[in-house]
Amino acid sequence: MKRKLLTIITLLFMFLANRASSQELYCNVQIQTPGIQGVDPTIFESLKTSVTEFMNNRKWTGYNFKINERIEATLVFTFNSVEGSDNFKGTLNVVLQRPVYNTDYMTTTLNLVDKDIHFTYTPTQRMDFTDNTYTNNLTSILAYYAYLMIGIDFDTFSKYGGTPFFQKANDVVIAAQNSGETGWNAFDGDRNRYHLVNDLLNNSYKPLRTFYYVYHRQGLDTMWKDAVKGRGTIARSLSLLKAVYDKRPGLYLLQVIIETKRDEMINIFKEGDPAEKNKFVAIMKELDPANGSKYNKVLK
C-alpha cells in the first residue's frame, strides 16, 4: 500500500513538474497608484493576481519550456485614474530580459512605455482570451505583449525566429481595431501597439530584426570567451540600425531599440580601443542626437 501511494505521489509530482515547465513567461507584475484616493486597495491586489496568472499560467506557444528557460519580464502598471472602481486608465512599462550565455548577466531586450492603457476590470471578471477574437481591452493588451515579448526573445536566439509570434500579436491588433479603444490603429499616434508590430513585420525594416540576432546571439553571447571579438560584432551590428535610420529616422521600432540598448552599449564601448570608441560615438550621435552627451561618456 505504501509503495502504491509512493508511486501515485511520484507520478503526481512528475505531472506537476511537466505542467509547470510548459509555460513560456515568467512575468513580475507591479501596480503603482500615485495620487489615487478613495479606491479600495484590494482591487489592485486582485488585478495584480489576475494579470500575473493570465500571463504566467497560460500556454502561448506550442513549445515546452523548462522552468529555468522561461522568458522573464516585468510589467509595471501606473494608473492615474480609476473611475467607478472598475474603469482604469494609465500607462504600462514593459521590460523584457534574457540571460547572456555562460554569465550571470541579464540583458534588457525591450523597454517601452505604452501610454494608451485603458480597460474595465472587476475582481470577479474572467480573464478570457481567444486568438483572433476581441473580448475586452485588458486581455487583448496582455495577449499582445505576451506574443510580442516571445517574438523578440526568439529573434535574439534565432534569426527571424519571432515571426510567428509577431503575426499572432498583429492578429490581436486586427481583432481590437473596431473596439473603440486607443492604441490599436495607425491614426491613434506614431508610437503605439499598431505601429510597433507593423514595423516588426515590415520587410523594409528587417535589418532591425537582424540586429536583434547579431547583437545578442553573435555579440553578447560570445563576449564571455572573447570580449574584443564580441564587441567588434556589436560594433558592426550598428550598421543595421543606420540602414533603417537612413530610410525612416523616426521609426518607432528603431527608437524603442535605441532606448532599450543605449546604456548597455555605452558600458560595452567604454572598454573599447580609441578607434572603436570614436566610431561608436559618431554613429550613435547620428542615430540618437537628442542623447549625444550621454555617448560622450564613452570617450572619458
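The values are calculated or read from the model by the stated rules, or taken from the named source; none is laboratory data. Quantities reported herein were computed from a predicted structural model and do not represent experimental measurements. Heads up, the Cβs are rebuilt from the backbone with ideal geometry, glycines too, and the neighbour counts pull from every protein chain shown.
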task: Go through the range 186-216 and count every residue that is farther than 20 Å from Ala243 by Cα and either in the same structural domain as Ile266 (by TED's automatic domain parsing) or assigned to a helix (DSSP H, G or I) (or both).
output: 5
task: Determine whether Arg248 is at pLDDT 95 or above, in the same structural domain as Asp273 (by TED's automatic domain parsing) and charged (D, E, K, R).
output: yes
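Quick one: is Ala243 out of contact with any Asp or Glu (no Cβ under 7 Å at 6 or more places or on another chain) and on the phi < 0 side of the Ramachandran plot? Steps first, please.
Details: out of contact with any Asp or Glu (no Cβ under 7 Å at 6 or more places or on another chain): yes; on the phi < 0 side of the Ramachandran plot: yes.
Against the criterion (out of contact with any Asp or Glu (no Cβ under 7 Å at 6 or more places or on another chain) and on the phi < 0 side of the Ramachandran plot), Ala243 qualifies.
Regarding Gly183, is this residue small (Gly, Ala, Ser), crowded, with 24+ Cβ neighbours inside 10 Å, on the phi > 0 side of the Ramachandran plot and not assigned by TED's automatic domain parsing to the domain that holds Thr91?
In short, yes.
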- request: Of all residues in the range 28-68, count the ones that are surrounded by 12 or more Cβ atoms within 10 Å (Cβ to Cβ), of a type in the set (D, E, K, R) and in contact (Cβ under 8 Å) with a residue 40 or more places away in the chain.
  value: 2
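Quick grid of which residues meet (1) loosely packed, with under 13 Cβ neighbours inside 10 Å; (2) over 29 Å from Asn102 (Cα atoms); (3) charged (D, E, K, R):
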position: Val228; (1), (2), (3): yes, no, no
position: Leu240; (1), (2), (3): no, no, no
position: Val244; (1), (2), (3): no, yes, no
position: Glu259; (1), (2), (3): no, no, yes
position: Met265; (1), (2), (3): no, no, no
position: Phe269; (1), (2), (3): no, no, no
position: Lys279; (1), (2), (3): no, no, yes
position: Glu286; (1), (2), (3): no, yes, yes
